[in-house]
Structure formats: structure tokens, C-alpha cells
Amino acid sequence: MAHMNIPWIFFVQILALASNSEAKVSAIISFGDSFVDSGNNNYIPTIAKCNFEPYGRDFPGGRPTGRFCNGRLPPDFISEGFGLKPIIPAYLDPTLNISDFASGVCFASAATGYDNATADVMKVIPLWKEVEYYKEYQKKLRAYLGDKKANGIISEALYLISIGTNDFLENYYALPQRPSQFTVQEYEDFLIGIAENFVRQIYGLGARKMSLTGLPPIGCLPVQRATNFEDPLNCVEERNKVALEFNGKLKVLVAKLNKELPGLKVFFADAYDLLLQLIKNPSTYGFEIAEEGCCGTGLFETSILCNRHHPLTCKDANKYVFWDSIHPSQRTNKITSDNLLRALKPLFL
């Protein structure tokens, strides 16, 4: 009877070889703004910083890191979900080197946008400069690991791109220059053109697996509700409509890029629907408060206005959808990341 087992053993060996040859995610590399910035702004001259308490109070070690959150961000959770490290380091951190960045690195900068003029508002890192840092990272990675291994990491890495909110809230709706040049629909198209150029550029540098995040329901961020004088403390529906319109254009772009660029897989990550559900039905997800953030009054505070001297900061951020007036709490980040992982794993593992 022993001969009967030979085909079965052979089949098991073939399966093992096939699974070993499957492409795994080698690293998590993030580009974008404060939703994914793990601390790069700590090392540039800008007021868009949060390297002080109470930021980071629920982060491992209870320390502020420059993440606009009470704890971890989506790239941290997504990295952990792919079996990589649980913390994605900031590229500009001078205490780290290429060995710390080989399996994951963040180039994002809080308060930046697709539009260079958005980065100028708070004097932060523009998207083109994030790409320059990425090129520098590639050189260091090749020097550290050799071309073959480095190229493998670059092509098998998952690139998380989260950007665009500041282009509207910090720039288009706050300053006169862009509205005098563009209608809001024309501005959306202008940003989509920059997004396309960005994806094509990092594709040209070897990136093949990407998750491109759309806009959240920007009209429901606590700071927008607090300044909604026409319908006090309710979501600014007109801005939510713009976010949905922009996301529709981003989805079309994703389909186009997947079709035109050989070997590229871009996933459109919907930041709108789930976050809107958390905001509209917080108790369904175990939250108590969605209309204001945990820090300070929760209506206006972010960055330097959210500090340890503010007497009103909540005791338990897990009850809040938002940590400050713009940024989700760690618990919200975990829920949205788990949801995203369910879509990304079948695509990239």
C-alpha cells in the first residue's frame, strides 16, 4: 500500500512550493498626510506637529511620536496585519537608519496635499519631496542589501497612499487663491492629474502594489461641524458631496492605471463609507461620541491646541470616533484598518 502515498506526498510538495513562490508583502511604505505621518514633521520647521502630550498617550510606552492620534495609525496596523513590524518609522527620524526602514518606512507629512500650494500653508513636505526622499531611500536600500534583494523589496512592498483632505480644508475652502483659479470640480480634476502623475512616477521607480485612499466624509470632521454656522454642529453636506465626487474620479483613475500599467495593482481604499457609518451610528461599533474629538473641547483642537494643559481632554479615547477635531482615534484606526486588510490580503498575499 505504500506506493499509494507517493502521488499524495508529491501533491503536498507541489502545494508547498507554490505557496512559497507566492509574492508576499515585503514592506509597508506610506506617502501622504497626517492620517499616515508617523513623525516626519517632528524634524522640519513647521507648527504642524504633535510631538507632545496628550498625543501618543495610548501608544506603546505612552509617548508622543508625532502621530496625530492617541496611539497607532493605519500603516502600523496594516503592517502588523501582514506579519511585519507593528510600528512604521518616520524616514526623517535621525536615530534610525536603513536597517530600520527595510521592512517599512513612512515619507508622509502632516498638513501636506497633492497641491504644492497646500504644503506651503504650514511649510511642510510637499508630495514631490516625499518622492525625492523615496528615491534616496532606494539608493540606501540597494547599498545595504544589494540590487537584487533591494529591488525585490521595492516591487513586493505595499504602498499606502493617503492624501487630499488638506487640499480642500486647509487650502481650497480656507484661502482665496485656488477658488479664484478653479471651480471646485476643476480643482478636483487638477488634483486627480497630480495623483496620476504621482502613481506613474513611483511605478516608474519599481512600485507595483498600491492602496490609494479616497477622501473621508470631510464635512463630518468635528472641526467642520463646529464651524457649520448654517446648520450648527451638523455635518457640512456640501463638503461631503465634494468628497464623494472626488472619490468617484479617483476610482476612475485607479481603473485606468490598472489597465494601462503592466504588473501594477492599485486598490481604491474607501475612507468614506465606513467612517460615515461610525459617525452616524457610533453605538453600533461601541463608541459613545462622534461629533467631537477626545482632546480639549473636541471641536477645534488639533496640533498645538491639543495639549496636556487643556482641562477638558477625555479620560477614555476608546469611546470617541475622533481623537482631536480632525483625526480618528486609535480605535477608529484599528476598525478601518481591519476592514481594509480584509480587502488587501486577497489581492496582495
Q) Considering only protein heavy atoms, what is the solvent-accessible area of residue 91 at a probe of 1.4 Å, reported in Å² to the nearest 10? A) 10 Å²
(Q) Output needed: Cys residues of the chain lacking any neighbouring Cys C-beta below 4.7 Å, sorted by number. (A) 50, 69, 106
Q) Between the stretch 174-249 and the stretch 53-82, what is the C-alpha centre distance in whole Å? A) 25 Å
Q. Where a Cα-Cα gap under 21 Å defines reach, which lysines qualify for residue 148, not counting those fewer than 8 residues away within the same chain?
A. 24, 135, 139, 140, 209
(Q) Using a 1.4 angstrom probe on the protein heavy atoms only, could you order 192, 87 from most to least accessible area? (A) 87, 192
(Q) Taking all protein chains in place and a 1.4 Å probe, what share, in percent, of the accessible surface of the stretch 27-347 do carbon and sulfur account for? (A) 55 percent
Q: Pull out a ≥ b ≥ c, the square roots of the eigenvalues of the alpha-carbon gyration tensor of the stretch 75-157, then state rounded if a/c is under 1.5, prolate if not and a/b is larger than b/c, and oblate in the remaining case.
A: prolate
Q. So which residue, out of 113, 193, 219, gets the largest mean-square fluctuation from a GNM of the chain using Cα contacts under 10 Å as springs?
A. 193
**Q.** Highest-first arrangement of 255-267, 51-63, 99-111, where packing means the average Cβ count within 10 Å
**A.** 99-111, 51-63, 255-267
Q | Förster radius 35 Å - calculated FRET efficiency between residue 181 and residue 201 (Cβ-Cβ, nearest 0.05) | A | 0.90
Q) Averaged per residue, what accessible surface does the stretch 27-347 expose to a 1.4 Å probe, in Å²? A) 41 Å²
Q.
Within 13 Å, Cβ to Cβ, of residue 96, how many net charges do the neighbouring residues add up to if Lys/Arg are +1 and Asp/Glu are -1?
A. 0
Q) Any idea what angle helix 147-156 forms with the longest principal axis of the chain, computed on alpha-carbon atoms, 0 to 90 degrees, nearest 10? A) 60 degrees
Q. Considering amide H positions built from the backbone, and no H for Pro or chain starts, which residues 5 or more places from residue 322, or on another chain, come under 5 Å of its amide H?
A. 294, 329
Q. Order of 332-341, 175-184, 160-169 by packing, highest average Cβ count within 10 Å first?
A. 160-169, 332-341, 175-184
**Q.** GNM flexibility winner over the chain from 28, 279, 304 (Cα, springs under 10 Å)
**A.** 304
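The values are calculated or read from the model by the stated rules, or taken from the named source; none is laboratory data. The structure displayed is predicted, hence computed values, not measured ones. Neighbour counts are summed over all protein chains in view; Cβ atoms, including those assigned to glycine, are modelled from backbone coordinates with ideal geometry. SASA here: full protein model, heavy atoms, side chains in, ligands and nucleic acids out. Shrake-Rupley method; radii C 1.70, N 1.55, O 1.52, S 1.80 Å.
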